[in-house]
Amino acid sequence: MRIEQILCPTDFSAYSRTAINLALSLARPFNSRVHLVHALPVSFEDGSAGHPTVQTQIEAEKKHALQLLEDIPVDNADCVRAVLDGMPAEEIIEYAQRNSIDLIVMATHGRTGLTRFLMGSFAEEVLRQAPCPVLTVKTTSRNRRPRPFNRPVNRS
C-alpha cells in the first residue's frame, strides 16, 4: 500500500496534537504529503450570509485559522494547510475525495453515552463516509494531556 496523501483535520485542541504528530510520523517513511485542515462550521439560517459585517468576520476567522495552521511545526514535512467552510465531517470527506487522499488521521475526543448521543460523533461520520481508510487516535491516560505545540517533548 502506497500512502502519498495523508489528511489530518484539526480543531486546534490538545486531542488534535496527538493525531498531527502521528500523521507526521507516518508521512516520513513514505515521503507523503500531509494536509492539515480546519473546517469552520459556518451556518446562516437567518439569511445574514451576504451582510458585509458577517463576511468581514468570516474572513477574519479564516485568516486566524490559517495562521494557527501555519504555526503548527511540521519538521520540514511536505505540508498543505487549508481552511474549509462548512460542516466539518462533510468538508473533510469532500476534501479527501477532491485531493485523492490515501489515509485520514484524526483525533477522537472519546465521548461516550449521553454526551456522544447529544453531540454526535464527527469522527464516526467521517469513518462511515470517507473514501479511504481512517485512523482514529483516541486520547488515553498516556496521552490525555498532550503538551501544547510550542513546547518540546522531553523524552528522557
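Per-structure values
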quantity	calculated
Close pairs from the stretch 60-80: first on the phi > 0 side of the Ramachandran plot, partner modelled with pLDDT under 90, Cβ under 7 Å, at least 6 apart	none
The stretch 10-23 residues that are crowded, with 19+ Cβ neighbours inside 10 Å, paired with ones that are among the aromatic types (Phe, Trp, Tyr) and not in a helix (DSSP H, G or I) (beta carbon under 9 Å, 6 or more apart)	Arg17/Phe149; Ile20/Phe149
Residue that is least open to solvent (accessible area, probe 1.4 Å) [pool: residues in the stretch 90-109 that are over 12 Å from Val37 (Cβ atoms) and modelled with pLDDT of 90 or more]	Leu103
Search result, residues across the stretch 1-32 that are in a helix (DSSP H, G or I) and not small (Gly, Ala, Ser)	Tyr15, Arg17, Thr18, Ile20, Asn21, Leu22, Leu24, Leu26, Arg28, Pro29, Phe30
Residues being open to solvent by 100 Å² or more (accessible area, probe 1.4 Å) and modelled with pLDDT of 90 or more - total across the stretch 39-66	2
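The values are calculated or read from the model by the stated rules, or taken from the named source; none is laboratory data. Since the structure is predicted, the reported quantities are computational estimates derived from the model, not experimental observations. As a convention, Cβ positions derive from the backbone with ideal geometry for all residues, glycine included, and neighbour counts pool all protein chains shown. Heavy atoms of the whole protein, side chains included, go into the accessibility calculation; ligands, DNA and RNA do not. Shrake-Rupley method; radii C 1.70, N 1.55, O 1.52, S 1.80 Å.
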